[in-house]
1. If you scan the stretch 208-223, which residues turn out to be in contact with a strand residue (DSSP E or B) (Cβ under 7 Å, 6 or more places away or on another chain) and not in a helix (DSSP H, G or I)?
2. Which residues, counting only those in the stretch 314-345, are within 11 Å of the ligand (Cβ to nearest atom) and out of contact with any helix residue (DSSP H, G or I) (no Cβ under 6 Å at 6 or more places or on another chain)?
3. Mind checking which residues of the stretch 233-271 are closer than 25 Å to D324 by Cβ and either among the polar types (S, T, N, Q) or not assigned by TED's automatic domain parsing to the domain that holds P310 (or both)?
4. Determine if the stretch 372-391 includes at least one residue that is free of Cβ contacts under 8 Å to residues at least 40 places away in the same chain and either in contact with a Gly (Cβ under 8 Å, 6 or more places away or on another chain) or under 27 Å from L285 (Cβ atoms) (or both).
5. Could you list all residues from the stretch 401-431 that are under 10 Å from the mean Cα position of the chain (by Cα), crowded, with 22+ Cβ neighbours inside 10 Å and not aromatic (F, W, Y)?
6. Give me the pairs, please: first residue somewhere in the stretch 205-221 and at negative phi and touching a residue at least 24 places away in the same chain (Cβ under 8 Å), second residue anywhere and near the ligand (Cβ under 7 Å from one of its atoms) and among the polar types (S, T, N, Q), beta-carbon distance under 8 Å, and either six or more positions apart or on two chains.
7. Can you tell me which residue in the stretch 208-225 is farthest from the ligand (Cβ to nearest atom), limited to those that are buried (at least 23 other Cβ atoms within 10 Å of the Cβ) and either among the hydrophobic types (A, V, I, L, M, F, W, C) or over 12 Å from A405 (Cβ atoms) (or both)?
8. Determine whether R351 is surrounded by fewer than 20 Cβ atoms within 10 Å (Cβ to Cβ), charged (D, E, K, R) and either in contact with a helix residue (DSSP H, G or I) (Cβ under 8 Å, 6 or more places away or on another chain) or not in a strand (DSSP E or B) (or both).
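The values are calculated or read from the model by the stated rules, or taken from the named source; none is laboratory data. What you see is a predicted model, and the numbers here were worked out from it, not measured in a lab. Neighbour counts run over all protein chains shown; Cβ positions are idealised from the backbone, glycine included.
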Amino acid sequence: MTPEEINTLWRSLSRLYPAWSLPIDMFVSPSTWRLLGADLSASIVKDRRARRVATALAAAPAEALPVMADMARINVWRTGDIFRTVAVGYITLPITLAALLSEAAPDMLRTAVMSNIGQTAYWVIVLAATPIVYFCGMWRAKQLQWAIEYYKTGAIQPLPEKASETRDEYKIPRHLNPTPAAPRTIRMEKTGRLKAFSSHMRVALFGASGGIGRALLDLLVADPHVSEAYAGARRPAAAAHSKVIPFRFELTDEASVADAALQISADGALDLVIVATGVLHDAALQPEKTWRDISPDAFARAFAVNATGPALIAKHFLPLLARDRHTVFAALSARVGSIEDNRLGGWVSYRASKAALHQVIRSCAIELARKNKTATCVSLHPGTVDTALSAPFQRGLAPERLFTAAFSADRLLSVIDGLSPAESGYAFDWNGARIPF
Ligand SMILES: NC(=O)c1ccc[n+]([C@@H]2O[C@H](COP(=O)([O-])OP(=O)(O)OC[C@H]3O[C@@H](n4cnc5c(N)ncnc54)[C@H](OP(=O)(O)O)[C@@H]3O)[C@@H](O)[C@H]2O)c1
């Protein structure tokens, strides 16, 4: 990490603990007021602020954690020293001075105090308040250090992407959800390793040239369970690893997808198909800010790439999934494709095309359940990821809300590894939580 990256991450963490807010959450935050008893860990691991620290650290590169822990330790040490200096300087010295003066010249001191009673009161308050401010700063520095240290132990979980992602808000009215047993979250481990699959996995990845696609390919290649990774792109790069077999396809050209299926099926059945393609903006398409921006061409483009393209891949690749073992077909979608979760409007064609993708996945999953009992078909939201697709829309986004492609890919593979046919047809986010349709 560069010094600039370190300082940016540090600032985003320390902003979570402003000194001024301490007196308020002395009363409202359990992690602050619960300071009695033998177990003081339970409250801090549930504390939203500590979990936001965990979210930021989970999204940062792995080497950031020890660096942030060191910075937090130094910060505690500095704020503690400054608090002690201020406390001694602001309280002890004036009191000592007043004591000496009252001994040496009591009348003069009394007259001076009585004739300037307003000013005297002002200075007494300032002298008493300043150490309190520094005390709050020191206490905040300690809280930040505790949050980082607890995260290091693995006890603190990152928050879901936004408050609305809490499980309770996912409760779908019963009349809209005839399958009450529908999964809410799925079992997943922290690292994206594919343990639930065969030990000689054959994987087909569409969109290997994209930001998330490249990161997925890196992880797939590094996974000992993967023996062949077919990497599809419009302009395939030369294979950088012996496991990688590049192939060409274009989503708007069904023949190219069919050819790819023919070529790949010649070597045997597949264990995993990931569709990591998608478009939000290009020369002909810009996300709409209002209904006035809606255009048939933009709609056609968004649907061709985000809905029809993955549907064609499903058509040609679902039949290639092995029938005798655990297999998964996963298409990258977006939370904004959720109709129920749409609270902002805008981005009409992108939202609509991703909602259509959810419907494609649901329909295919129902048919797949009849034809292949061990297969699972889902759509996945990768989080907001730092790629060319999101680049124009990252302004104002808190750093902890923007994932690296490597982090997102790791989480997506963890989610994929935790899937079972019971989850088929649904949409899940990078954290394994179900996204309402
Ligand atoms: N990044 C985010 O914050 C974010 C958030 C939510 C959801 N997602 C979803 O995650 C997926 C991957 O996004 P990303 O961020 O990795 O985007 P990206 O870096 O722009 O990659 C998009 C990929 O799609 C491919 N593609 C686009 N049009 C195609 C076509 N007509 N035929 C074949 N391939 C085509 C691109 O190929 P070329 O390299 O040839 O252009 C590229 O490989 C998308 O479905 C996106 O909607 C991303």
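1. A208, S209
2. L332, R335
3. Q263, S265 - these are the residues of the stretch 233-271 that are closer than 25 Å to D324 by Cβ and either among the polar types (S, T, N, Q) or not assigned by TED's automatic domain parsing to the domain that holds P310 (or both).
4. Within the stretch 372-391, one or more residues are free of Cβ contacts under 8 Å to residues at least 40 places away in the same chain and either in contact with a Gly (Cβ under 8 Å, 6 or more places away or on another chain) or under 27 Å from L285 (Cβ atoms) (or both).
5. Result: S408, R411, D429.
6. F206/T277; G210/T277; G210/T387; G211/T387; I212/T387; G213/T277
7. L220
8. no
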